[in-house]
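The values are calculated or read from the model by the stated rules, or taken from the named source; none is laboratory data. As the structure is a prediction and not an experimental result, all values here were calculated from the model. We place every Cβ from the backbone using ideal geometry, glycine too, and count neighbours over all the protein chains shown. With ligands, DNA and RNA removed, areas are computed over all heavy atoms of the protein, side chains included. Shrake-Rupley method; radii C 1.70, N 1.55, O 1.52, S 1.80 Å.
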Amino acid sequence: MSDRVVLGQVHALLMSLPGVRNAAVHLVRYGPGDRRIVAHLVTRTPTDELRAALESRLPSHLVPARLHRVPHIPLLPDGSTDLRALAELTPPDPEPEKASVPEQARAPDTGTPRGPTTVPVTPKQHALLLDELVHRDPGRHVEQLHWRWRGPLDTDRFTAAWQAVADRETVLRAAFDRETGPRLVLHTHAGVDVVRHPAGSVGFRTLRERDRRRGFDLTRPGLLRLNLLDERAPAGGGPPCVRVLLTFHHAVLDGWSVWVLLQEFYRAYLAGGRLPGGERRPDIGDYARWIAGQDTAPARDFWSSALLPGAALVLPAAPGPATGLSGTGRAGVRLGPVQADRLRTWAAACAATESGALQAAWALLLYRAADTTGPAAVGFGVTVPGRGIALDSVERLPGPLMNTLPMTVTVDPAAAVTRLLAELRDRALDMGSYEWVSFGQARRWSGRRADEKLAESLIVLENRRRGSDELRSALAAQGISVGRPRATGARTLFPVTLSAHRDADDGLVLTAVHDRSRLADGDASRLVAQCARLLRELPGLKGGTATVADALAALAEEPRVRMAGAPATSEPTRGDPRP
């Protein structure tokens, strides 16, 4: 009987016990020939009663159960499970993950004793740690990718392959020590969290949201985990299908890095869970040391004059009343391939990029939200790859290199749209030499006060790379096909984050991830729809003579978007961001 079938039977058995509200079941290898089923239960039933009920229902092919721990997990006021408390449960053995690693998946022994090493955190990481302390939201800065795996999937081989990646990549063994700096601790070993769920045991959306809300304990290594959800067999037959959910934290990884790790994982899976070679160098420790060793004088000189003087318009919507909502919302819209290609062609004809066109449309929305006349400066955050630095092999270095920088630009209703595009392009090129500078450093060096907002929104253009054709062919030879990972979008330091990416059909997908206490769901949908409308309209304007006022006329009949003010405690950039 396969492991998947046994796990499914155990999960169904546990959920049938009296008083059990939730159960997570997985297989752990404690040593050669010692494989045990470990279950985390949420229940109010006393241990003795639960054991008796379990033993009375055990089928003959399962060994007698031994209940190591049946904790009391409180329910939340709305009657739901406290999922964070559930996530904090650990298997009963001291370090089962370490024992579960197959020998072939471990890093080679060099004969030199090693222990954890520490390096300084980057300014970006320091800002994320401060933000976590302020907001206490486990889902902030947590990103998720998901895709379908069609064909056979061996759970042990899958886990061993990810463990091989973790043994090679220092970033997957990183954690934070808050007490001494803070510092980034690079551990010598960290287990990989892989859980497989039987078909029908949980809905994918529920699983995805539950895993996001679980968050991460940043003081423990392993800031990436995976869930596998079996899908029911198709009625007409066909290969089995599994939904793969990969969850990670932006304090140690960005989207580009996860793409690198995925290629390493597929190579390890094809090799039976092995990954030849030792640790990658340079690694995240080398990157942290590179950042700490930079001479900041040129960057200080640049940022002292890079931002426009005076206060900028930063709200993407007009001030409005409190929403009465909470949590994170998402709103999206798509430009078809023809519209997206038209936009890219127009931007190129204006000596600009697709990213510049997106920033121009957002700048127009900021200007419109202020309901002003005459030229005015607007401000928002932009992301940069962070890989244009003098560090060997940085293009394949997994880490939190993607960075956020402030952008300010003048919007003049009488000026040509092409002039706005050119100004955004030139500012982006100038900032390219300082991709490693944090948002907080740029603020401080520009001479801005701590309470002066430079941005209330962030623009992200995701450059998703295609997978290797060689790897795809090798997987196909084993009857496996894998879909293109899709991102759900992460809650950032900003109340509104607009991300854009090209999908498999070369369309342009816009997604707004927003703080629902600031922006209601309906207003978020209207905001992203208005941005999409501008992107559709811009290529149709009269060449180089069309003005900003001409572009804004396309939104003349559109309703105003409203946005609530920020609570006094939610300022994300308060304080000195330096470690």
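Listed values, structure above:
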read-out	value
Residue 334 being open to solvent by 50 Å² or more (accessible area, probe 1.4 Å), closer than 23 Å to residue 540 by Cβ and either modelled with pLDDT of 95 or more or in contact with a strand residue (DSSP E or B) (Cβ under 6 Å, 6 or more places away or on another chain) (or both)	yes
Matching residues in segment 374-413 - criterion: being within 26 Å of residue 170 (Cβ to Cβ), touching a Lys or Arg at 6+ places or on another chain (Cβ under 7 Å) and not in a loop (DSSP other than H, G, I, E, B)	394, 395, 403
Given (1) under 24 Å from residue 292 (Cα atoms); (2) open to solvent by 10 Å² or more (accessible area, probe 1.4 Å), index of the condition residue 398 fails	(2)
Filter result for residue 228 (open to solvent by less than 60 Å² (accessible area, probe 1.4 Å), modelled with pLDDT of 95 or more and out of contact with any Leu (no Cβ under 6 Å at 6 or more places or on another chain))	yes
Test set (1) surrounded by fewer than 20 Cβ atoms within 10 Å (Cβ to Cβ); (2) part of a loop (DSSP other than H, G, I, E, B); (3) in contact (Cβ under 8 Å) with a residue 60 or more places away in the chain; (4) not β-branched (Val, Ile, Thr) - residue 552 fails condition number	(2)
Filter pass, residue 310 being modelled with pLDDT under 95, closer than 30 Å to residue 562 by Cβ and either open to solvent by 30 Å² or more (accessible area, probe 1.4 Å) or assigned to a strand (DSSP E or B) (or both)	yes
Set 511, 488: member being under 21 Å from residue 360 (Cβ atoms) and within 18 Å of the chain's Cα centre (by Cα)	511
Matching option when the condition is open to solvent by 20 Å² or more (accessible area, probe 1.4 Å) and either of a type in the set (Lys, Arg) or out of contact with any Gly (no Cβ under 9 Å at 6 or more places or on another chain) (or both), among 140, 173, 148	148
Residue in segment 521-534 that is assigned to a loop (DSSP other than H, G, I, E, B) and in contact (Cβ under 8 Å) with a residue 40 or more places away in the chain present	no
Residue within segment 424-436 that is closer than 22 Å to residue 495 by Cα, more than 19 Å from the chain's Cα centre (by Cα), open to solvent by less than 20 Å² (accessible area, probe 1.4 Å) and of a type outside the set (D, E, K, R) present	no
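The rows are residues; the columns are (1) of a type in the set (Lys, Arg); (2) in contact with a helix residue (DSSP H, G or I) (Cβ under 9 Å, 6 or more places away or on another chain); (3) open to solvent by 60 Å² or more (accessible area, probe 1.4 Å); (4) part of a loop (DSSP other than H, G, I, E, B).
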{"site": "451", "(1), (2), (3), (4)": "no, no, yes, yes"}
{"site": "459", "(1), (2), (3), (4)": "no, yes, no, no"}
{"site": "473", "(1), (2), (3), (4)": "no, no, yes, no"}
{"site": "484", "(1), (2), (3), (4)": "yes, no, yes, yes"}
{"site": "489", "(1), (2), (3), (4)": "no, no, no, yes"}
{"site": "500", "(1), (2), (3), (4)": "no, yes, no, no"}
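For every residue, the table says whether it meets (1) touching a strand residue (DSSP E or B) at 6+ places or on another chain (Cβ under 9 Å); (2) farther than 28 Å from residue 477 by Cβ; (3) in a loop (DSSP other than H, G, I, E, B); (4) touching a residue at least 24 places away in the same chain (Cβ under 8 Å).
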{"site": "253", "(1), (2), (3), (4)": "yes, yes, yes, yes"}
{"site": "264", "(1), (2), (3), (4)": "no, no, no, yes"}
{"site": "273", "(1), (2), (3), (4)": "no, no, yes, yes"}
{"site": "277", "(1), (2), (3), (4)": "no, no, yes, yes"}
{"site": "289", "(1), (2), (3), (4)": "yes, yes, no, yes"}
{"site": "294", "(1), (2), (3), (4)": "no, yes, yes, yes"}
